[in-house]
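Reading through the structure tokens given below for one structure.
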Amino acid sequence: MSRGDSIEKSFILRILRTICPDKLYEGIEGDLIERYEEDSRGNRAKTARIKFFFHAIKFIRPGIILRNKFSVQIINVIMLSNYLIIAWRNLLKNKAFSAINIIGLAFGLAACLFIFQFVSFELSFDNFNEKLVRTYRVTNDRFQNGKLIQHGTIMYPTIGATMAKDFPEIEEHTRIMPGGDLNVKIGDKNFRGEQCLFTEEKFFSVFSFKLLAGNKPTLLKDPYTAVLTEKTASKYFDVTDKDYSKLIGKTFIWGLDTRPYAVVGICENIPINSHLQFDALVSYSTLYSGEDKNADISWTWSDMRHYLVLKPGTDYKQLESKFPAFSDQYFKGDKVSGSVEKFYLQPMKDAHLYSDYEYDIATTASGKAVWAMLIVAVFILVIAWINYINLTTSRALDRAKEVGLRKVMGAFKSQLVKQFIFESLLIVTIAFVVAFLLTLAFQSSFNEIVGNELSLKTLFQTLSAKHFLVFILVLIGGALLSGFYPAFILSSYQPAIVLKGKFTRSASGNILRKALVVFQFTSSAALITATFIVSSQIDFMNKTDLGFSKNDILLVRAPELMRWDSTFVQRVESYKDELSKVHGVINSATSWSIPGKRLGRSFGIRLSDQPSDTHYTMSNLGVDYGFFDTYGISLIAGRKFLPTDHNANWEKITTVIINKNAVKLLGVKSPEEAIGKEVTWGDGGRKYTIIGVVNDFHQESLHKPMEPMIFRPSYSTYNTTSIKIERLDQDKTIADIKRVYAKFFPGNLFEYTFLDQQYQQQYNDETRFEKVISVFTVLAIIVSCLGLIGLSSYTATQRTKEISVRKVLGASMANVISILSIDFVKLVMIAALLSFPIAYFSIQKWLQGYAYRITPGLLQFILPGLAIVLIATATVSFQVLKTARRNPAETLKYE
């Protein structure tokens, strides 16, 4: 016996001495030494020595209680170390299978970590608000002539306060009105670009934005006061020591206002997962501090948003059921606002993902897309676990003899199950490490796709305790379940049958494995189909004729530091005339808004000869006479605006142009018949003559239908300038445009963008969804193919002798491959067929969000299914080919 063996024997005997009574140990010591030496001669492996240890335990009569917990811990450590060593040896012994197992799981886990980052961030919006579960947005639908004309969050300034007065269920409320960009002057410095909201002193009670300086109870109570975020405050003022209290009382000038705004508070930068984003808050009372009190008391001025905090225990649906009576009391049908008003409550926690409202100022995303990505993550994770099961059971032949020998040597089934589960956990642990490394390596690429700065830290910060627990349980549960099935199967082999070479597989096991493969490829085929159709819809939106030209249109922001006066119209005319002389400029125009932006609506429009109680609603847009030519919007009747239609005196403007949809809405038979008719518009009953009809065009994205539109000739200090330019040498053209702008609007910042880029932002969610689902569909296919490699290897190994016999009898390589591949191809074809209805109903539901959409054809479902069949066939054929190439003499020489 070697010196090492002697030390080992002494160590084990000392352990036994610790856990046995002295007299009992003295009686069995001789037998133990003899058994140890016998086991050591028969098998020098660590497993044999551990087996000796358990033989020693058998000498101890039942009922002996271990002396202390330390002894139990020693036994557990020895058992676990044994499991670890055996598991590690099996990994090294089968490097190829181990690598495929680990890579497949790592890819699946990495994909899930990426998707979970995205999903957890999207689901975390507004969770920082302490009163989140009791806070609701007031929404409303407006109806005219029994037809829904507006579905939004925009409404009248009186709604929140009146509801709080009438309904005791409401604890507090606040109202918000978007204020647009801050164009700030401090001393001789100008700042532009910050977004502000008008709101009131209850704002910081409803929302949990953290204050760094200022008196919370009185914030924003007085007119011409403002609260800045720390980012904005640091930009406006010199703050190096983070002492924001010294900024209280500082002032700034906004735009053309002569009265300064006082800083009364500083709050932390707004969390990126807040549906409300702003750089500054301005007191709401500023809006009605003069003679016009409409911003406070009007029942028809519609530009405000209202938030309510309900008392604990209030059922918001029961409160909502009282709103019809509220509407009847204050709006009297359509007598007050010209529309029938219906009010609802939306939980604030739904504002980010479930907002289909017009004029929404919230940061929104598609809830359907988020949940779709979560489903993709679950599919990929399940596919990865299935992949592991198939690859593990494909080694059943090798492990069956191992199990048989272990059982003959006295191993219990429970010990074998523990061993195999331990092997599973080892592989999963390694896969997790690799997945984390992959996540870190590709994090920046993923962030570029989703357009957010996400990380693993984001995942753990944004998940609530409940969701985090579910996340961990899913991962651990999946690892245990995927390890338990192979462990249960492998540990169930009967030694007598296995060691005689009569081992066969159960039919139920084969059916289960095939079912798992069908599930894998059904998921993959459905994902391919979804990706294909999403891409087709986006391509359709990009290529659809919008009814106007959006390419090579330069958008220059309005000169906000210019006052309106009687000379402004002539100044703009001269500005446009000078632009026309710039080399590369084709045309130019100014307008209240531009394509891609939601337009304001006018509710009281009718033909002058129609009854006074007739009300029609149209989107309205103020444009100059060059607008239709600049955007290439076709005229189908009448004429376009002329310079003579414009007037600095708003009261003297008498002409309008409408689109085809407006012609239909007014009940006129044809565009030609509409020319010369008068429309009454507004509370004062002003009359305008229709001088032209233009073709319908997509003012907004293809999510929305084209609406009735009415255009007035208009100039404004807030008008954007749209400039059609040539494609060649655009940098020089833009530089010349900037020079002209500075000449006519000195002191104003020259800021520009291109229309096609801005219009495309409406499809950011779709583009992001397409990129994400494409990447993870490819990963799902890769992982599925790894699983197919496992099953094909399993079957090919099982039928090795059959292959050899066929080759000896003259079968060609092609015949052998086709015989072994046909079963797998059938499985994948079944999967492709099953994917059709799943993909069809999912895609149809997604497409319903578009007013203009593709109609998927049969080919768009067949091609993805055919692709998955070809991929699977190539994968199986390659795996089978390796087995079919083996020399029959090697496999038959022992028969």
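The values are calculated or read from the model by the stated rules, or taken from the named source; none is laboratory data. Computed from a predicted model, the values in this text were never measured in an experiment. Methodologically, a virtual Cβ is constructed for each residue, glycine included, from the backbone with ideal geometry; neighbour enumeration extends over all protein chains shown. Remember, those area values only see protein heavy atoms, side chains included, never the ligands or the DNA or RNA. Shrake-Rupley method; radii C 1.70, N 1.55, O 1.52, S 1.80 Å.
When ALA589 is tested against (1) part of a loop (DSSP other than H, G, I, E, B); (2) touching a Phe, Trp or Tyr at 6+ places or on another chain (Cβ under 6 Å), only condition (1) is not met. You will find that of PHE841, PHE836, the residue that is open to solvent by 80 Å² or more (accessible area, probe 1.4 Å), part of a helix (DSSP H, G or I) and under 28 Å from THR531 (Cβ atoms) is PHE841 and no other. Just so you know, in region 293-350 the residues that are hydroxyl-bearing (Ser, Thr, Tyr) and outside any loop (DSSP other than H, G, I, E, B) include one that is nearest to ASN273 (Cα to Cα), and it is TYR307.
For region 708-758, which residues satisfy the criterion of being among the β-branched types (Val, Ile, Thr) and either under 36 Å from the mean Cα position of the chain (by Cα) or within 14 Å of SER593 (Cα to Cα) (or both)? Let's see the steps before the verdict.
Initial filter on region 708-758 (among the β-branched types (Val, Ile, Thr)): 710, 717, 720-721, 723, 725, 733-734, 737, 740, 753.
The answer is ILE710, THR717, THR720, THR721, ILE723, THR753.
Residues in region 233-254 that are assigned to a loop (DSSP other than H, G, I, E, B) and either buried (at least 16 other Cβ atoms within 10 Å of the Cβ) or hydroxyl-bearing (Ser, Thr, Tyr) (or both): 3 in all.
Scanning region 191-225 for residues that are outside any loop (DSSP other than H, G, I, E, B), of a type in the set (Lys, Arg) and over 33 Å from the mean Cα position of the chain (by Cα) yields a single hit, LYS216.
Beta carbons closer than 6 Å, at least 6 apart along the sequence or on distinct chains, pair a first residue in region 724-736 that is farther than 17 Å from GLU578 by Cα with a second that is in a loop (DSSP other than H, G, I, E, B) for ARG727/ASP552.
The condition of being open to solvent by 10 Å² or more (accessible area, probe 1.4 Å) and either within 30 Å of LYS185 (Cα to Cα) or in the same structural domain as ASP645 (by TED's automatic domain parsing) (or both) holds for only one of VAL585, VAL518, that being VAL585.
Within region 493-512, identify whether any single residue is modelled with pLDDT of 70 or more, at negative phi and surrounded by 14 or more Cβ atoms within 10 Å (Cβ to Cβ), and answer yes or no.
Yes, that holds for at least one residue.
How many residues are open to solvent by less than 30 Å² (accessible area, probe 1.4 Å) and free of Cβ contacts under 8 Å to residues at least 40 places away in the same chain when one looks only at region 686-700? Number of matching residues: 1. Annotation: ILE476 fulfils all but one of (1) more than 17 Å from ILE115 (Cβ to Cβ); (2) at pLDDT 70 or above; (3) surrounded by 15 or more Cβ atoms within 10 Å (Cβ to Cβ); the unmet one is (3).
When you go through THR590, THR544 one by one, which is the residue that is touching an Asp or Glu at 6+ places or on another chain (Cβ under 6 Å) and open to solvent by less than 70 Å² (accessible area, probe 1.4 Å)?
THR590
Got a sec? Which of GLY152, GLY214, GLY193, GLY179 is surrounded by fewer than 16 Cβ atoms within 10 Å (Cβ to Cβ) and touching a residue at least 12 places away in the same chain (Cβ under 8 Å)? Checking each option against the conditions leaves just GLY193. Being of a type in the set (Phe, Trp, Tyr) and either open to solvent by 20 Å² or more (accessible area, probe 1.4 Å) or in the same structural domain as GLU320 (by TED's automatic domain parsing) (or both) holds for only one residue in PHE167, PHE118, and it is PHE167. A search for C-beta distances below 9 Å between a residue of region 767-790 that is open to solvent by 10 Å² or more (accessible area, probe 1.4 Å) and any residue that is of a type in the set (Ser, Thr, Tyr) and not in a helix (DSSP H, G or I), counting only pairs 6+ apart in sequence or on different chains, returns PHE769/SER366; ILE789/SER394.
Here TRP301 fulfils each of the conditions (1) at pLDDT 95 or above; (2) in contact with a helix residue (DSSP H, G or I) (Cβ under 9 Å, 6 or more places away or on another chain) apart from (1). ASP565 falls short of the stated requirement of being modelled with pLDDT of 90 or more and outside the structural domain of ALA372 (by TED's automatic domain parsing). Residues of region 799-824 that are over 50 Å from the mean Cα position of the chain (by Cα), open to solvent by 70 Å² or more (accessible area, probe 1.4 Å) and free of Cβ contacts under 8 Å to residues at least 40 places away in the same chain: ARG806, LEU809.
If you go through region 543-564 and pick out every residue that is in contact (Cβ under 8 Å) with a residue 12 or more places away in the chain and either assigned to a helix (DSSP H, G or I) or among the charged types (D, E, K, R) (or both), you end up with 5. Report whether or not ARG712 is in contact (Cβ under 8 Å) with a residue 12 or more places away in the chain, of a type in the set (D, E, K, R) and either surrounded by fewer than 16 Cβ atoms within 10 Å (Cβ to Cβ) or touching a helix residue (DSSP H, G or I) at 6+ places or on another chain (Cβ under 7 Å) (or both). No, not satisfied.
Taken over region 226-241, the criterion of being touching a residue at least 12 places away in the same chain (Cβ under 8 Å) and over 31 Å from the mean Cα position of the chain (by Cα) is satisfied by ALA226, VAL227, ALA233, LYS235, TYR236, PHE237.
Counting the residues of region 805-820 that are hydrophobic (A, V, I, L, M, F, W, C), more than 13 Å from LEU881 (Cβ to Cβ) and part of a helix (DSSP H, G or I) gives 2. Identify the single condition in (1) over 17 Å from ASN273 (Cβ atoms); (2) in contact with a Phe, Trp or Tyr (Cβ under 9 Å, 6 or more places away or on another chain); (3) not β-branched (Val, Ile, Thr) that LEU463 does not satisfy, given that it satisfies every other one. Exception for LEU463: condition (1).
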